[in-house]
Amino acid sequence: MPQNTIIMSWSKCKIEIGKTGDSDEMATSLSSIGTIKDKSTALSTEDGEVLEARATGGVVVATEEGEHVYTVTTRVMEMDFETEAGLTGATLDAEKKELTVKTNIVSGDYSMKLTPKNMGAIGIKAPKCHVSFKPGSSEEEGSFVDVTFKILATADGVLYKKFKVAASDWS
């Protein structure tokens with residue numbers, strides 16, 4: 001049995017997004033979400049719903065666990081107005097360099113591709129995500145947006161695909 005070389009998916013990464021396609025297909029056009037704060041990106045898993053059947057006396061006689069909830073979180077530093085307007089529907093006046101925000105709710109589903117920097121490392125492509133958008137600002141970090149991608153199952157049941165990073169993923 002051949003031994004695989006381990007290539008870690010740590011350090012620098014990029015996240016690209018685009019509107020989910022018809023029939024929950026991966027977006028055909030992806031664009032960068034912006035500059036990601038160091039060590040702010042993570043894929044986490046929460047337990048799914050657990051169902052239990054109990055007999056008299058509280059004895060568990062059957063149990064079933066539902067699908068886990070997968071979430072990618074990241075912090076984008078100084079997100080550009082065009083990206084923010086695209087996500088939230090804010091109105092951009094490019095001449096005045098002003099963005100008029102009426103909501104921070106992101107409408108519709110988005111595809112997300114998370115690509116680590118190391119060639120051969122494992123990235124993920126999620127065709128359908130609910131996006132949460134939380135802007136903030138501090139003296140220490142300046143303007144930032146915390147973005148959360150809650151990965152949703154597509155119409156044909158796909159949550160995400162894993163891929164091995166190639167040079168073309170960074171071109």
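The values are calculated or read from the model by the stated rules, or taken from the named source; none is laboratory data. In this text the structure is predicted, and so the values were computed from the model without any measurement. Cβ: placed from backbone, ideal geometry, glycine included. Neighbour counts: every protein chain shown. Each accessible area value is taken on the protein alone, full model and side chains, heavy atoms only, with ligands, DNA and RNA left out. Shrake-Rupley method; radii C 1.70, N 1.55, O 1.52, S 1.80 Å.
Given the conditions (1) at pLDDT 95 or above; (2) surrounded by fewer than 20 Cβ atoms within 10 Å (Cβ to Cβ), and given that Tyr110 satisfies all but one, which numbered condition is not satisfied?
Going through (1) at pLDDT 95 or above; (2) surrounded by fewer than 20 Cβ atoms within 10 Å (Cβ to Cβ) one by one, Tyr110 breaks only (2).
If a residue has to be of a type outside the set (Ser, Thr, Tyr) and surrounded by 15 or more Cβ atoms within 10 Å (Cβ to Cβ) to count, how many in segment 140-155 make the cut? Before the answer, list the steps.
Applying the first criterion (of a type outside the set (Ser, Thr, Tyr)) to segment 140-155 yields 140-142, 144-147, 149-153, 155.
Okay, now just the ones that are also surrounded by 15 or more Cβ atoms within 10 Å (Cβ to Cβ), so 144-147, 149-152.
Residues that pass the stated criteria total 8.
Looking for something over 29 Å from Ala153 (Cβ atoms), part of a strand (DSSP E or B) and either open to solvent by 80 Å² or more (accessible area, probe 1.4 Å) or touching a residue at least 24 places away in the same chain (Cβ under 8 Å) (or both) - is there at least one such residue anywhere in segment 39-53?
Within segment 39-53, none of the residues are over 29 Å from Ala153 (Cβ atoms), part of a strand (DSSP E or B) and either open to solvent by 80 Å² or more (accessible area, probe 1.4 Å) or touching a residue at least 24 places away in the same chain (Cβ under 8 Å) (or both).
Based on this model, can you work out whether Thr63 counts as open to solvent by 90 Å² or more (accessible area, probe 1.4 Å) and not in a strand (DSSP E or B)?
Values: open to solvent by 90 Å² or more (accessible area, probe 1.4 Å): yes; not in a strand (DSSP E or B): no.
Against the criterion (open to solvent by 90 Å² or more (accessible area, probe 1.4 Å) and not in a strand (DSSP E or B)), Thr63 does not qualify.
As an exercise: evaluate Ala85 against (1) surrounded by 11 or more Cβ atoms within 10 Å (Cβ to Cβ); (2) without any contact (Cβ under 8 Å) to a residue 40 or more places away in the chain; (3) in a strand (DSSP E or B) and give the number of the one condition it does not meet.
Condition (3) is where Ala85 drops out.
Out of curiosity, is Arg75 in a strand (DSSP E or B), without any contact (Cβ under 8 Å) to a residue 24 or more places away in the chain and of a type in the set (Lys, Arg)? Full working, then the answer.
Values: in a strand (DSSP E or B): yes; without any contact (Cβ under 8 Å) to a residue 24 or more places away in the chain: no; of a type in the set (Lys, Arg): yes.
Against the criterion (in a strand (DSSP E or B), without any contact (Cβ under 8 Å) to a residue 24 or more places away in the chain and of a type in the set (Lys, Arg)), Arg75 does not qualify.
Take segment 128-145 and flag every residue that is over 12 Å from Lys37 (Cβ atoms) and of a type in the set (A, V, I, L, M).
Kept after step one, since they are over 12 Å from Lys37 (Cβ atoms), are these residues of segment 128-145: 128-135, 137, 139.
Listed by number, the list holds a single entry, Val131.
Name the single residue that is most open to solvent (accessible area, probe 1.4 Å) among those in segment 88-104 being within 25 Å of Thr28 (Cβ to Cβ) and not in a loop (DSSP other than H, G, I, E, B). First the steps, then the outcome.
Of all residues in segment 88-104, those within 25 Å of Thr28 (Cβ to Cβ) come to 88-90, 92.
From what's left, not in a loop (DSSP other than H, G, I, E, B): 88, 92.
On the way: Thr88: 13, Leu92: 64 Å².
The qualifying residue most open to solvent (accessible area, probe 1.4 Å) is Leu92.
Test Met119 against the stated conditions and say whether it is open to solvent by 60 Å² or more (accessible area, probe 1.4 Å), touching a residue at least 24 places away in the same chain (Cβ under 8 Å), out of contact with any Ser or Thr (no Cβ under 9 Å at 6 or more places or on another chain) and not in a helix (DSSP H, G or I). Even if it seems obvious, please write down each step before you answer.
Working: open to solvent by 60 Å² or more (accessible area, probe 1.4 Å): yes; touching a residue at least 24 places away in the same chain (Cβ under 8 Å): yes; out of contact with any Ser or Thr (no Cβ under 9 Å at 6 or more places or on another chain): yes; not in a helix (DSSP H, G or I): yes.
Considered against the rule, which asks whether it is open to solvent by 60 Å² or more (accessible area, probe 1.4 Å), touching a residue at least 24 places away in the same chain (Cβ under 8 Å), out of contact with any Ser or Thr (no Cβ under 9 Å at 6 or more places or on another chain) and not in a helix (DSSP H, G or I), Met119 comes out as yes.
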